[in-house]
Amino acid sequence: MDISLSQCFIAVDDHDRALAFYRDVLGLEVRNDVGYEGMRWVTLGSPAQPDVDIVLEPPLADPNASAADKQAMADLLAKGHLRGIILATDDVDATFEHVRAAGAEVLQEPVDQPYGVRDCAFRDPAGNMVRLHRPRKG
């Protein structure tokens, strides 16, 4: 049996702001942009991984959700409690400087972790944690 990652989903409250981060800052390519019943899903990915998609989705993709449920999801998103993503890069420090210069909120500057990676962390415009890592050499 051969199983591989196909898609992952990240909740965002403003797709245009999210695109400015994921497309314009991180360099992911837009693969699809679909609207349905007032909601929007944008699929992006790395040109180096054509079979892996990141889907930017509404925090609560249910047109019948109650106002209370929508508010609860918005509150969780604003606190950064819904999702996160870890992206690999060949140069954590240079990528960190690039993302910081673009104005992203820094959560952690680059550091060598005891579990074998060098990584850093930011928040995307919706509040989700985005970690960038590279396995340490040697």
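All of the numbers you see were taken from the coordinates with simple rules; none came from a lab. These figures come from a predicted structure and were not determined experimentally. Methodologically, a virtual Cβ is constructed for each residue, glycine included, from the backbone with ideal geometry; neighbour enumeration extends over all protein chains shown.
Under 10 Å, Cα contacts only: if you run a Gaussian network model on the chain, which one of Asn32, Asn64, Asn128 comes out with the highest mean-square fluctuation? Greatest mean-square fluctuation among the candidates belongs to Asn64. Computed from backbone phi, the HN-Hα couplings of the range 35-47 come to x, 7, 6, x, 10, 9, 10, 10, 9, 10, x, 7, x Hz, rounded to whole numbers (Karplus: 6.51 cos²θ - 1.76 cosθ + 1.60, θ = phi - 60°; Gly and Pro given as x). How big is the Rg/Rh ratio for the chain, C-alpha atoms only, Rh by Kirkwood, two decimals? My calculation puts Rg/Rh at 0.99.
Between 0 and 90 degrees, the angle of helix 92-101 with respect to the longest Cα principal axis of the chain falls at about 50 degrees. Mean-square fluctuations from a GNM of the chain, with a 10 angstrom spring cutoff on Cα atoms, peak among Ala18, Ala68, Ala104 at Ala68.
Return the FRET efficiency for the residue pair Lys70, Arg31: r is the Cβ-Cβ distance, R0 is 25 Å, and the value is rounded to the nearest 0.05. Calculated transfer efficiency: 0.35.
For the range 108-138, the set of trypsin sites (Lys or Arg not before Pro) satisfying both a DSSP loop assignment and a count of at most 13 other C-beta atoms within 10 Å is given as Arg136, Lys137. Residues whose amide H falls under 5 Å from that of Ala11, counting only those 5 or more places apart or on a different chain, are Glu57, with hydrogens built in the peptide plane. Annotation: for a label point projected 7 angstrom from Cα along Cα→Cβ of Arg136, residues of the range 91-121 with backbone N closer than 18 Å are 91-94, 108-121.
Build a GNM of the chain with springs between Cα atoms under 10 Å apart, and of Pro50, Pro59, Pro125 the one that fluctuates most is Pro50. Backbone geometry of the range 12-27 corresponds, through the Karplus equation with coefficients 6.51, -1.76 and 1.60 at θ = phi - 60°, to 3J(HN,Hα) couplings of 9, 9, 8, 5, 5, 5, 5, 4, 4, 7, 6, 8, 7, 8, 7, x Hz, x marking Gly and Pro.
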